[in-house]
Each structure stands twice: as C-alpha cells, then as structure tokens.
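This report concerns only the one structure given below.
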Amino acid sequence: MNWMLSSDKSWRFLQQNFSWVADMSGVMQDPIHHAEGDVSVHTRSVLAALISLSEYQQLPVLQQEVLWSAALLHDVEKRSTTRTDHDGHIVSPGHARKGELTTRQILFKELAAPFAIREMIAALVRYHGLPLWVMEKPDPQKSLFSASLRVDSHLLALLAKADVLGRECADTEELLNRIELFELYCHEQQCWRQARKFPSAEARYRYFSTDNAPPDYQPYGDYQSQVTLLSGLPGMGKDSYIQQYCLGLSVISLDDIRRQHRIAPDDKMANGWVVQQAKQQAREKLRRSENFVWNATNITHQMRQQLINLFVSYNSRVRVVYIEVPYVKWKQQNSARTYAVPDMVMDRMLTKLELPVPEEAHEVIYYIDGRIESVFL
C-alpha cells in the first residue's frame, strides 16, 4: 500500500496549497507551554523534531508518512477552539477531538487516503495528548485500551515525543518522562504496538460498557436476538448492503417512515417523532426476540449509543456495520438515487461524521467499497 499526503514537504508548498495549513499562522498559544510562538511555528518545529528521531527513521516508509501526516495535522483545529480563559491563559479545549473529524474529512474528500491509513492518522490526531495525560484520566486503563483498539501506541508515543520537542517550555524533561511512563504502562497492560486483546467480542463490549469490569472476564452470551445497526452517510450504499447481506430480515428505516407520512428529509421539527415511531417498531420486534436491521445514517456516537442501549436492554446482541465508498463514487451514487440529498447537506453531514469505534457494540464491521476492512493499519 502506497500513499503520500504530499511529495513536496516544504512549508512554503504546504501553506500555499492547503488552506488548513495556512490557517495555522496567527493562531496563538500560551507562552508558558509554547514559548516558540503560534501553531504554525510549533507545527514546523514538531515536524523537524519528528524526522530527526532515530525511531522515526527506522520505521517503514508508509508508517513514516502516516506519522508525518499526523504531526502536520495534530493541532489543525486550534484555529477553531483557541480562546483566552478567565485567568488570561490561552487554551484550546477539544482541539484534538475536533481535529480528528477535520482530519477524516480532509483525507476523505481532499486527499483521498485509503481507509486504514486515514483512520490511523485521524486516531493519532485524536489521541496525540494521551501519552502525556493518560494517568490523569478518570480511568487510565480504559482510556488506554480504547485508544489501543484504533492506534499503534508506538507511533502515538513518537508523535507525543515530537510534540514535546517541538515546543519551548520549562517542563520538557517532565513531559518526556511521562511519555516513557506511558510506554511502560502500555507494556504492562499488554497493548504496546497492538490492540488490547479480550477473550471475546462480548467480553470487550462488557468491559467498556460496565464500570469496574475486569478485562479478562468472559460473560455468558445468551442473547434473545441480534440487531444490525447500519451507519453511514446518505448515498453510501446502505440499501444495497441490506439487499446483499440482510435478506429475510425485517428492516426499520427512518427514510421509509418519513416517506409514508410525507415528511420532508430536512424537516427537523418532525425528526423526533420519526425516531419515536421507529423505536416503537423496534421495541415490538425486541419483545418478540426478532432479528432486524435498523437502517439510518447514525453518524454520531450519541445517535448510536442511544439505540444500542435500547437494544441491549432487551438482551439483544448488536452488530454495527459502517458503510463507505470513496468520495467521488459517493457523490455519483447519491445523484443516481430516487431521493437524492442536496450536496450542501451531504457536505455538512460529512463534517459531523464520527466513525463507530470497536468498543461501541458487540461487533463493529467496516464495509468499505465492497469489502470488510480494519481500522488498525
């Protein structure tokens, strides 16, 4: 697999050709933690520090490109989150989480990265601060295990190291020590350079959905039914997936409910009513222990979690299937639909896309352009 964000890695070229790089200039940072200057200066310093690391130089070429791309993008959304707090300090709350969404959008729409590469870069952006702060999380183990299902902890530690070396601050040594402790913790918790293993998918789901659950406990999987929860932007091919892989299963479709009641897709006032009608249908099927498909976009974690909690409360096993095709094909498929979604609406939904993560359900499948793929490169 070969891919490059850019063959020309000069800062001048990047600034001139990518608006999101140009936006880094003038985004100020707190001088206590970033005396080097704005986000542009910091990002250039991080890239320089990264490529000078012997550990980086020993990586395969593709992993080098993934890590370099993540370093370029790691603070991309400080442009939208930076503010001065009540103490006069410059802060950027949520920039990593929002940066993940922006990274995914850029590498899907603008630069067309293969799925696994895109998701590894997005995860590196999302978790780039974890090696520094994992022990301050409410549940360090669960935070680490969650990240390990999506990102190579070795690459994450290298990104964090470059991030520290690319700043001017008084606590550099302390921060580097934190990264060393992170590496030791990964080894101790059996997720250094690999996803944390669980006895089964059911054990993984129970661990993440239950407080204080031991990771090696194997629950008894006596389910009453199975629900297939589809996730994907409009026009990605959810109906085609149902026709190919879900024959014989009943389908609850929010679009069908809207059409039956002549409700426009953009009628936000009616959305709550449509969802309640669909949930009522689901409850009836769950009471009968009937397997079925829930067909809707479900592009955010919150949307999916509400539904998964409902299904699990009826002792149902939940399979989430995320469906995606390349950007150009997506636009073509949408245009060919009987009920095409306006491009402006499609692009707005793309900015909100949160991919299902492995711990969300008993099983999470990524069906990408006609085949199953992994988020772990």
Inset, instruction - Tell me, please, whether a residue that is at positive phi, outside any helix (DSSP H, G or I) and not charged (D, E, K, R) can be found in the stretch 35-50. - result: yes
Inset, instruction - Have a look at Ser10, Ser40 and point out the one that is without any contact (Cβ under 8 Å) to a residue 60 or more places away in the chain, among the hydroxyl-bearing types (Ser, Thr, Tyr) and crowded, with 17+ Cβ neighbours inside 10 Å. - result: Ser40
Inset, instruction - Say whether the condition of being under 28 Å from Glu202 (Cβ atoms) and crowded, with 17+ Cβ neighbours inside 10 Å is met by at least one residue in the stretch 331-354. - result: yes
Inset, instruction - Kindly provide the set of residues from the stretch 53-74 that are within 21 Å of the chain's Cα centre (by Cα), surrounded by fewer than 20 Cβ atoms within 10 Å (Cβ to Cβ) and free of Cβ contacts under 8 Å to residues at least 60 places away in the same chain, ordered by number. - result: Gln64
Legend entry - Per-region count, the stretch 140-192, residues of a type in the set (D, E, K, R) and over 25 Å from Pro60 (Cα atoms): 8
Legend entry - Residue within the stretch 118-133 that is more than 29 Å from Leu181 (Cβ to Cβ) and surrounded by 20 or more Cβ atoms within 10 Å (Cβ to Cβ) present: yes
Inset, instruction - Could you tell me whether the stretch 324-332 includes any residue that is farther than 18 Å from Cys246 by Cβ and acidic (Asp, Glu)? - result: no
Legend entry - Check on Leu233, part of a strand (DSSP E or B) and within 27 Å of Lys352 (Cα to Cα): no
Legend entry - Residue list for the stretch 80-106, restricted to those being within 18 Å of Glu354 (Cα to Cα) and touching a residue at least 40 places away in the same chain (Cβ under 8 Å): Leu101, Thr102, Arg104, Gln105, Ile106
Inset, instruction - Please go through the stretch 220-236 and pick out each residue that is of a type in the set (Gly, Ala, Ser) and under 15 Å from Leu254 (Cα atoms). - result: Ser231, Gly232, Gly235
Inset, instruction - May I ask you to list the residues in the stretch 196-239 that are of a type in the set (D, E, K, R) and either surrounded by fewer than 18 Cβ atoms within 10 Å (Cβ to Cβ) or over 30 Å from Tyr327 (Cα atoms) (or both)? - result: Arg196, Lys197, Glu202, Arg204, Arg206, Asp211, Asp216, Asp222, Asp239
Legend entry - Matching residues, the stretch 276-330, being within 22 Å of the chain's Cα centre (by Cα), crowded, with 20+ Cβ neighbours inside 10 Å and in a helix (DSSP H, G or I): Arg304, Leu307, Ile308, Trp330
Inset, instruction - Using the structure shown, decide if Tyr185 is hydroxyl-bearing (Ser, Thr, Tyr), surrounded by 14 or more Cβ atoms within 10 Å (Cβ to Cβ) and more than 30 Å from Asn334 (Cβ to Cβ). - result: yes
Inset, instruction - Confirm whether Gln15 is outside any loop (DSSP other than H, G, I, E, B), free of Cβ contacts under 8 Å to residues at least 40 places away in the same chain, outside the structural domain of Pro356 (by TED's automatic domain parsing) and not hydroxyl-bearing (Ser, Thr, Tyr). - result: yes
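The values are calculated or read from the model by the stated rules, or taken from the named source; none is laboratory data. Treat the numbers as computed from the prediction; the structure is a model and nothing was measured. Cβ atoms come from the backbone with ideal geometry, glycine included; neighbour counts cover every protein chain shown.
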